[in-house]
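Trainee: Handing you this structure, nothing more for now.
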Amino acid sequence: METGLLHLHNLLRWVILLLLVLSTFNSYTGWKKGRTFSAGDRKIWLFTMIASHLTLLLGLYQWLAGRYGLLSHERPEGVSMMKNPFYRYYQLEHPVNMIIAILLVTLAYGMAKKPLADAVKYKKAFWLFLIALVLILIRMPWPFLPEVGRPLLPGM
């Protein structure tokens, strides 16, 4: 079960990236072209938020009870979390950054519900989505990262 949840968490990163790029592009074009906010825009933003929250739940499980979770894994004697790049990345840097990014996605979706002018709604959502996208891109465990890299697709 643990491996399946890790693979699902890994696979959902591509869904989030796709939806975040789409939401960012959508909000940018809506802002620059002066489009009227539509139900389609709201749905795309909602799907982005749902996918990110689902991935967050899977990630929180991994963080707490997964293979190297805070509650299920005991670090070897003499290994400091902050001095070991692997533990620091997976138990601090990655979770904190992703929680902040998902908070920004949630705030961006919240713009869809506010009674703001469409241009303001698109502009605020664009910046929130863009910052969330950058945070996610810099803290994903890319295969080229030493000691913390994961394969691009699960099981590879």
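Trainee: I'd like the orientation of helix 2-33 relative to the chain: the angle between its Cα long axis and the longest Cα principal axis, in ° from 0 to 90, rounded to 10.
Mentor: 30 degrees
Trainee: With the dipole of the chain worked out from charges on the C-beta (+1 for Lys and Arg, -1 for Asp and Glu) around the Cα centre, which of Ile131, Ala51, Ala117 lies farthest toward the positive end?
Mentor: So the residue furthest toward the plus end is Ala117.
Trainee: Also: Taking only DSSP H segments of four or more residues, each worth -39500 (n - 2.57), what value at 222 nm results for the chain once the sum is divided by all its residues, to the nearest 500 deg cm²/dmol?
Mentor: Values: 5 runs with 105 residues, N = 156.
-23500 deg cm²/dmol, from helical runs alone.
Trainee: Then there's this: Would you mind ranking Val15, Val21 by Cβ crowding within 10 Å, fewest neighbours first?
Mentor: Placing the least packed residue first, the sequence is Val21, Val15.
Trainee: Let me ask something else about it. Counting C-alpha atoms alone, how compact is the chain: give Rg to one decimal and Dmax as a whole number, in angstrom.
Mentor: So, for the chain, Rg and Dmax equal 17.5, 59 Å respectively.
Trainee: Here is a further query. Give me Leu6, Leu57 ranked fewest to most by other Cβ atoms within 10 Å of their Cβ, as a rough exposure proxy.
Mentor: Going from least to most buried by this count: Leu57, Leu6.
Trainee: Suppose the chain between Ser80 and Leu145 were pulled fully straight at 0.36 nm per residue; how much longer would it get relative to their current alpha carbon spacing?
Mentor: My answer for the length gained is 21.4 nm.
Trainee: Taking the Cα centre of the stretch 37-156 as the origin, how large is its charge dipole in debye, to the nearest 20, when only Lys and Arg (+1) and Asp and Glu (-1) carry charge on their Cβ atoms?
Mentor: Working: 13 positive and 6 negative charges, 86 e Å.
Value, rounded to 20: 420 debye.
Trainee: Among Trp14, Trp127, what is the fewest-to-most ranking by other Cβ atoms within 10 Å? Can you show the working numbers first?
Mentor: Working: Trp14 13, Trp127 16.
Least to most surrounded, the residues fall as Trp14, Trp127.
Trainee: Name the residue farthest towards the positive end of the dipole of the chain from the options Tyr87, Gly40, Pro143, assuming +1 on Cβ of Lys and Arg, -1 on Cβ of Asp and Glu, about the Cα centre.
Mentor: Gly40
Trainee: With angles folded into 0 to 90 degrees, how steeply does helix 94-113 sit against the dominant principal axis of the chain? Use alpha carbons for both and round to 10.
Mentor: Helix 94-113 and the main axis of the chain meet at about 20 degrees.
Trainee: Return the single residue from His94, His73, His53 with maximal mean-square fluctuation; model: Gaussian network over the chain, springs between Cα atoms under 10 Å.
Mentor: Of His94, His73, His53, the Gaussian network model singles out His73 as fluctuating most.
Trainee: Still on this structure, please answer the following. Return the whole-Å distance between the Cα centroid of the stretch 73-145 and the Cα centroid of the stretch 4-42.
Mentor: If you average the Cα positions of each part, the centres end up 15 Å apart.
Trainee: How big is the dipole moment of the stretch 16-87 about its Cα centre under a simple scheme where the beta carbon of each Lys and Arg is +1, that of each Asp and Glu is -1, and everything else is neutral? Debye, nearest 20, please.
Mentor: Value, rounded to 20: 420 debye.
Since every read-out is calculated from the coordinates, none of them should be taken as a lab result. Here the structure is a predicted model, which is why all the values come from computation and not from measurement. No Cβ is skipped: glycine too gets one built from the backbone with ideal geometry, and neighbour counts run over all protein chains shown.
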